[in-house]
Amino acid sequence: MLSRISIVSFVGIAALACLVMLLPSGCAPKLAPEPQWEQDARALLDQADLQYSKRQYDLAAKTVEGFLYKYPTSRSRDRALLRLGDIRLVQRDYAGAVKYFREILQEYPSSPFFLQARYRLGTCYFELKEYDLAIANLSDRSKITDPVQLNRTAQMLAVAYLAKKSYLSATREMVTLVETAQTDQQKSGYRDRVRELIEKNLTEDELKTLSGESAYPADVALLRLAGVALEK
């Protein structure tokens, strides 16, 4: 039989445990309800999204601009900037789109739309042929999971690197396109482009770098390096 002291101790510990469990729900501060004007602001952006989906781009732009004028301090301002940038992008006003995407990156680094804005900004710079800025915004793909976006990014980077005559980097992007190609025909085309770059554009040092790796196209680079040695 438990002693009276043991029973008292057990009851005390149990009561303390119950109290600890109740504290978070009973003492935690309640979040302030969202103000009505913020709900109205979000509804206005929903309206703009619907207009955008219907390709009513000018009307959607006016709706978003009205949002920014009426609710300049809204927590959804980054979403509004992204939508305006998207409208300018689809209208091929790349310079106009740049300022909205860039503002998100500068003013809202924690925004859930940050990665989307950076990708779209890189796309705009690519279309404007500002390849250094395009590469700066597109080269980090560590958080991209969409295969279509990954493929499109590699395409843009390959063109940008070729324009800058950065042939080793362009070759690597072509290899990425080989890996993400949707059809055998596409894969074969990209493989031919990789071989062409290796045979015609890479320097001997670049060939040594590439041939020292373990994966494709190290074998192609090694064969070309052997050819260079024979030519000498």
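The values are calculated or read from the model by the stated rules, or taken from the named source; none is laboratory data. Note that the structure is predicted; figures quoted are calculated from it, not measured. FYI the Cβ positions are ideal-geometry reconstructions off the backbone, even for glycines, and counts take in every protein chain you see. The protein model used for the area step is the full one, side chains on, heavy atoms only, and it has no ligands, DNA or RNA in it. Shrake-Rupley method; radii C 1.70, N 1.55, O 1.52, S 1.80 Å.
Here residue 43 clears all of (1) crowded, with 18+ Cβ neighbours inside 10 Å; (2) without any contact (Cβ under 8 Å) to a residue 24 or more places away in the chain except the condition numbered (1). Within region 190-209, does at least one residue satisfy the condition of being acidic (Asp, Glu), at pLDDT 95 or above, open to solvent by less than 20 Å² (accessible area, probe 1.4 Å) and out of contact with any Pro (no Cβ under 6 Å at 6 or more places or on another chain)? Within region 190-209, not a single residue is acidic (Asp, Glu), at pLDDT 95 or above, open to solvent by less than 20 Å² (accessible area, probe 1.4 Å) and out of contact with any Pro (no Cβ under 6 Å at 6 or more places or on another chain).
In region 175-186, is there at least one residue being among the hydroxyl-bearing types (Ser, Thr, Tyr), over 17 Å from residue 126 (Cβ atoms), within 28 Å of the chain's Cα centre (by Cα) and not in a helix (DSSP H, G or I)? For region 175-186, residues among the hydroxyl-bearing types (Ser, Thr, Tyr), over 17 Å from residue 126 (Cβ atoms), within 28 Å of the chain's Cα centre (by Cα) and not in a helix (DSSP H, G or I): present.
Can you report the number of residues in region 90-119 which are in a helix (DSSP H, G or I) and open to solvent by 40 Å² or more (accessible area, probe 1.4 Å)? So the answer is 13. Cβ-Cβ contacts under 7 Å between residues 6 or more apart (or on different chains), taken from a first residue in region 88-112 that is under 17 Å from residue 125 (Cβ atoms) and modelled with pLDDT of 95 or more to a second residue that is part of a loop (DSSP other than H, G, I, E, B) and not hydrophobic (A, V, I, L, M, F, W, C), are listed as 104/111. Scanning region 141-166 for residues that are under 12 Å from residue 176 (Cβ atoms) and not in a loop (DSSP other than H, G, I, E, B) yields 147, 150, 151, 152, 153, 154, 155, 156, 157, 158, 161. Being at positive phi, open to solvent by 70 Å² or more (accessible area, probe 1.4 Å) and free of Cβ contacts under 8 Å to residues at least 40 places away in the same chain is a description that does not apply to residue 54. If you go through region 160-180, how many residues are in contact (Cβ under 8 Å) with a residue 24 or more places away in the chain and crowded, with 16+ Cβ neighbours inside 10 Å? Total satisfying the criteria: 11. Scanning region 120-140 for residues that are open to solvent by 60 Å² or more (accessible area, probe 1.4 Å) and either part of a loop (DSSP other than H, G, I, E, B) or on the phi > 0 side of the Ramachandran plot (or both) turns up 128, 129, 130, 140.
Which residue out of 51, 47 is at pLDDT 95 or above and under 29 Å from residue 137 (Cβ atoms)? One residue alone meets the criteria, 51.
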